[in-house]
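Readers should treat all values here as calculations from the given coordinates under stated rules, not as data from a laboratory. Small disclaimer: the values here were computed from a predicted structure and weren't measured. Using ideal geometry, Cβ is built from the backbone for each residue, glycine included, and neighbour counts are taken over all protein chains shown.
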Amino acid sequence: MKRGSSYTGIKRRQVCTSCWRARDRCRKLKKMREATIPTTLPAKYYTDPTIFKAEIDRFYFGRWIYAGREERVEKPGDYFLCDVAGESVIVTCNASGKLQAFYNVCRHRGTRMCTAPEGAFEGRIQCPYHGWTYALDGSLVSAPNMGGTGFSRFDYPLHQIACDIWDGHVFLNFAAKRSQLAEQLGELPDKFAAWKMGDLKFHKRIVYDVKANWKLIIQNYNECLHCPTVHPALDRLTDYLGADNQAPSPNYIGGSMGFREGMETMTFDGVRRRDYLPGLNAEQRAMVCYYAIYPNLLLALHPDYMMTHTLWPKAPDRTEIVCEWHFDPREMAKPGFQGDDAIEFWDQINREDWGISELSQLGIGSRAYTPGPYSKREELLYAFDRVVTEE
Ligand code: FES
Ligand SMILES: [Fe+2]
């Protein structure tokens, strides 16, 4: 063999043929390599108040937003409040039993009328300032001392917000031009019909105040690569590489995970202490579905219960997260029913997730942070980033 030709062959493989630097030192090749790897977002998407506001205006107020469960407003006058990025909303049930939502803003001088987070109106909504009074359908029925002004009470109903229901989940839409909720949800109602979510009943709620951007919560929810390190208790129940992710959609991302041998649900010991939810087939009984339904509902469907997380972004680096657990009422009625095993398990996992998300927020806020490479198993996160930044 001729020495020279062998040397040239090795050189061609190991150096850049433009600058003749070693390939791993060539800036041009490094840039080309990086351009093919999807990366996380620049820091400003997690820290900049202007971007935060623009995201909320576009990504939240342009969509149907999850508000809470229909059972909270079952009877006329029942209500609960939502704070959607500073916009207070009254969700209530009118005298005919119809779901309604109103801006919590009096039509007289704009006062926020209702402050208790939930309760029951006694047939009317009254502003505490000058006593303007509204019926449960939002119409103004009484406005003291307005005589002699040409005023008509019919001109001043409460400002309404569109609302709709999917299997017991209440959604709100603030947009003047909006699609139907069904259109936003796509195939999800069919896909999850077997869980009969509308029949499930609330058992417990825990509210967390997390010092992290809302997108970090959604990203964390949609990958389990962190499970062995962050969640040893969860890792005993499911294989972190066993996620069966669905192709990303513009309105949701998610997938399902099976159980390790001998485990039947998500509790510390994997023991299922309740019957399977009625309607589930053998395949559905053997998995948990985890879906992030944009903009703010994280839905986790277990063989024997449903867990929801609702995200309420408060600031670029702060998100309120409402976690609720829901069970089959027939199980709840049985003597000795308990759901604490599910709650204690997920409360620990939640706190681990919020802790690591807060550390992410802190690191991203450093001047040293630059976007990092996503792995193949983080494709849902990249898809989510693109929807948030490009739509
Ligand atoms: S501001 Fe509500 S009654 Fe005056
Ligand atoms: Fe996690």
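What FRET efficiency comes out for E183 versus A35 if R0 is 35 angstrom and r is the Cβ-Cβ distance? Round to the nearest 0.05.
0.50
Given a Förster distance of 30 Å, report the FRET efficiency between H226 and F61 from their Cβ-Cβ distance, rounded to the nearest 0.05.
Numbers: r = 31 Å, r/R0 = 1.03.
According to the calculation, E is roughly 0.45.
Connecting C-alpha atoms closer than 10 Å in a GNM of the chain, tell me which of E183, E352, E320 has the biggest fluctuation.
Of E183, E352, E320, the Gaussian network model singles out E183 as fluctuating most.
If N is the number of residues in the chain, what value comes out of its Cα radius of gyration divided by 2.2 N^0.38 Å?
Its radius of gyration relative to the 2.2 N^0.38 Å reference: 1.21.
Once the Cβ-Cβ distance between K201 and L99 is put in as r, and R0 is 25 Å, what FRET efficiency do you end up with, to the nearest 0.05?
The calculated FRET efficiency here is 0.90.
Apply the Debye scattering formula to the range 186-390, with a single equal point scatterer on each alpha-carbon and no solvent, then give log10 I(q)/I(0) at q = 0.11, 0.13, 0.19 Å⁻¹.
-0.51, -0.72, -1.58
Could you work out, for the range 64-173, what percent of all Cα-Cα pairs fall into each 5 Å distance bin, beginning at 0 Å and stopping at the bin that holds the largest distance?
The calculated distribution, bin by bin, is 2, 13, 24, 25, 18, 10, 5, 2, 1, 0.
Using 0.36 nm per residue of separation minus the Cα-Cα distance, give me the extension gain between T389 and M332 in nm, one decimal.
16.2 nm
Give the lysines reachable from K30 as a straight Cα distance under 30 Å; neighbours fewer than 8 places away on the same chain don't count.
Candidates past the 8-residue exclusion: K11, K44, K215, K376.
Determine the gain in length on full extension of the stretch H159-I349; use 0.36 nm per residue of separation and subtract their C-alpha separation, reporting nm with one decimal.
Between H159 and I349, full extension yields an extra 64.4 nm.
Dipole size in debye (nearest 20) for the range 92-215 around its Cα centre, Lys and Arg Cβ +1, Asp and Glu Cβ -1?
So the magnitude is around 380 debye.
Angle check, please: helix 3-14 long axis (alpha carbons) against the longest principal axis of the chain (alpha carbons), in degrees 0 to 90, nearest 10.
Long axis of 3-14 versus the principal axis of the chain: about 10 degrees.
Please get the size of the charge dipole for the chain, origin at its Cα centre, with Cβ charges of +1 on Lys and Arg and -1 on Asp and Glu, quoted in debye to the nearest 20.
The calculation lands at about 2540 debye.
Return one number: the angle in degrees, 0 to 90 and rounded to the nearest 10, between the long axis of the Cα atoms of helix 379-390 and the longest principal axis of the Cα atoms of the chain.
It works out to around 60 degrees.
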